[in-house]
Amino acid sequence: MNQLVVAPLVVALVAAIGTLLVRSFPRLQRGVSLLGGVGYAVAVALLWGEVDPLGAAETIPYQLSGWPAPYGISIVADPLSAFMLALSATVSLAALAFSVQYVDAFGQRLSYHPLYHFMMVGVTGSFLTGDVFNLFVWFEVMLMSSYVLVVFYSGPEHTRAALQYVVLNLVGSAVMLLAIGGLYSTVGTLNMADLARRLAAPAQYGVDTLPVLGLSALLFSVFALKAGLVPFQFWVPAAYRAAPAPVSAMLAGVVKKVGVYAIIRLYFTVFSALSLQGLSLPGLADPAGVPSALAFFGPVLFVMAAASILVGGLGAVSRADVDGLLAYSSIGQIGFIVLPLAIGATVPDVRVLAVTAALVYALNHALAKGLLFLVSGSVYSAAGTIQFDELGGLTRENPVLSGTFFVGALSLIGIPPLSGFFGKMLVFDVAGQSRATAAVALALVGAMLTIAYLSLAWNRGFWGSKSLAVRHGNPATGVAVVVALAAVVVVVGVGFDPVFRAAEAAANAAIDRQGYVQAVGPGGGHA
């Protein structure tokens, strides 16, 4: 059953090519695209069943062309990658179904559907790859598609946003490629399992650990850029506001999570093996007294998380439109995801809980923020504006649509029994167990800012008397889709126990370096 590992990748690729081939037949193209989205979700579900995060929690490698690791290309599915794929499949199917109604016929026929599915090819490959160079390759596949989707409307504002997005990510890609080349010349391998094995015994393989630390720091900056962490967040507001609503939902809900996944996979699974005996810095050693590369990144993650929460929250409060508010909110929420990772990197006793908290919060953010961007798209398609001073009274005009926004907002705030409550509770639990007073204070400030800007959005955009724009529009586009996604947010919260167990299994898989090395290493899988 190893072939199931590549099934989501193959389905996404077939959907991309299929929609490109039938572009002259618009209705058929839309049907093929939706069929591809459903097929992708089915492939992810089958792979989930094979990995079995709630049971056996298997790590299943697939070695392309039968070449064993580390010589061939490894594709690996484990509870961590399965969790991220399930998140991606849910948000991408909703955004794709919304696109069929939202994007105009010319745009869909021109390039939208092939680009969308190629972006999913890159996302899927990033979650499944077992070596660092192919992580770079899949990043580029994902980013090249997203470049065009950001500039999809081709206006001056969109072109400026896309140019900024492209330039920053091209610089990031160049830095990533430089770091990967340096790692290969220093360690002699790019296979993640083999990399972890060699870093755990550097003397045996003649590895100089200090250059590896510097190269891993270069890689880290790239992943922080992809995730939109401060100080690499400059591309986020303009790109999210320029892109079509379903693309913004994907950028915030899925594409950003690829950067978070890369940080978890490489630094908690691979670079955690690196012991820095030759380096002495304050706070570098874990409680066992061993200088740790993972502990080195803990304070860096904390500073970035703190800056992201504050910059994102304060920026969202001062926005004058829905998409601008949601874009800055995404910067703040990514800080909440990274905050427990910062604690887990420096406090080994709470490491599993920390990664679990980050994954649960990432899931809630993907669902809730994807929902809110789709609601924003529905409002714009009807009223022709998302400026707060031109909106008002949407609750009376369309209570169903307004109710879905309310569900997404409550989930981001963290009101029980929605999924956001459990994400925030786990973040506070990690901070409390590790006695990280600064983290508790930061989380409280971030939570209050979240309440402030989402209350602002609700009061100015949905409450009050009907504005002229709202009276002349009926925001019906994609309502069924946003209702379904709001229902998923509620169901994930009400039935949280299996979600928590899946996230915990994913966290254990991320931290179980030895298990990953044994499963993916020579003889661990074949085509």
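Structure notes:
- Cα-centred dipole magnitude for the stretch 1-150, charges only on beta-carbon of K, R (+1) and D, E (-1), debye, nearest 20: 660 debye
- Accessible area (Å², per residue) of the chain, counting only protein heavy atoms and a probe of 1.4 Å: 35 Å²
- Shape of the stretch 131-183, Cα gyration tensor, a/c cut at 1.5: oblate
- Seen from a random direction on average, the alpha-carbon convex hull of the stretch 179-331 projects onto 10.0 square nanometres.
- Inter-label distance for residue 501 and residue 171, nm, one decimal - labels placed 7 Å from Cα along Cα-to-Cβ: 4.7 nm
- Scattering from the chain was approximated by placing one identical point on each alpha carbon and applying the Debye formula without solvent; log10 I(q)/I(0) at 0.08 1/Å stands at -0.46.
- Expected 222 nm ellipticity per residue - DSSP helices of 4 or more, -39500 (n - 2.57), all of the chain, to 500: -23500 deg cm²/dmol
- Gyration tensor (alpha-carbon) shape descriptor, the stretch 415-466, a/c threshold 1.5: oblate
- Distance between the pseudo-spin-label points of residue 185 and residue 144 (7 Å out from Cα toward the beta carbon): 2.6 nm.
- Simple point charges give the picture: +1 on the Cβ of Lys and Arg, -1 on the Cβ of Asp and Glu, and for the chain a dipole about the Cα centre of about 840 debye.
- Computed about its Cα centre, the charge dipole of the stretch 152-280 is approximately 260 debye, with only Lys, Arg, Asp and Glu carrying charge at their Cβ.
- Shape category assigned to the stretch 78-200 from the gyration tensor of Cα positions, a/c cut at 1.5: oblate
- For the stretch 303-363, taking Cα atoms only, Rg and Dmax work out to 13.1, 43 Å respectively.
- Against the chain, whose longest principal axis comes from its Cα atoms, helix 113-128 is set at around 30 degrees.
- Distance from the Cα centroid of the stretch 149-221 to that of the stretch 67-121 is 22 Å (rounded to whole angstrom).
- Here the Debye sum runs over all C-alpha atoms of the stretch 41-114 as equal scatterers in vacuum, and log10 of I(q)/I(0) at q = 0.13 Å⁻¹ comes out as -0.58.
- Extension gain from residue 35 to residue 54, taking 0.36 nm per residue of separation minus the Cα-Cα distance: 4.0 nm
- Stokes-Einstein diffusion for the stretch 1-92, with the hydrodynamic radius set to the Kirkwood value over Cα pairs and evaluated at 10 °C in a medium of 1.306 mPa s, equals 112 µm²/s.
- Packing rank of 299-305, 189-195, 381-387, where each peptide gets the mean count of other beta carbons within 10 Å, highest leading: 189-195, 299-305, 381-387
- Sequence-distant lysines (8 or more away, or on other chains) whose Cα lies within less than 25 Å of residue 226: 256, 257, 369, 424
- The spread of Cα positions in the stretch 234-278, taken along each principal axis and listed from longest to shortest, comes to 49, 18, 7 Å.
- Computed accessible area, residue 455, all protein chains, 1.4 angstrom probe, square angstrom: 50 Å²
- Entry note, the chain: relative contact order of 18 percent, from Cα contacts under 8 Å with a spacing of 6+ residues.
- Surface composition of the chain: carbon and sulfur atoms hold 66% of the protein heavy-atom accessible area at a 1.4 Å probe.
The values are calculated or read from the model by the stated rules, or taken from the named source; none is laboratory data. Because the structure is predicted, anything quoted here is derived from the model rather than measured. For neighbour counting, all protein chains shown are included, and Cβ atoms are generated from backbone atoms with ideal geometry for every residue, glycine included. These accessible areas exclude ligands, DNA and RNA; they are computed on the full protein's heavy atoms, side chains included. Shrake-Rupley method; radii C 1.70, N 1.55, O 1.52, S 1.80 Å.
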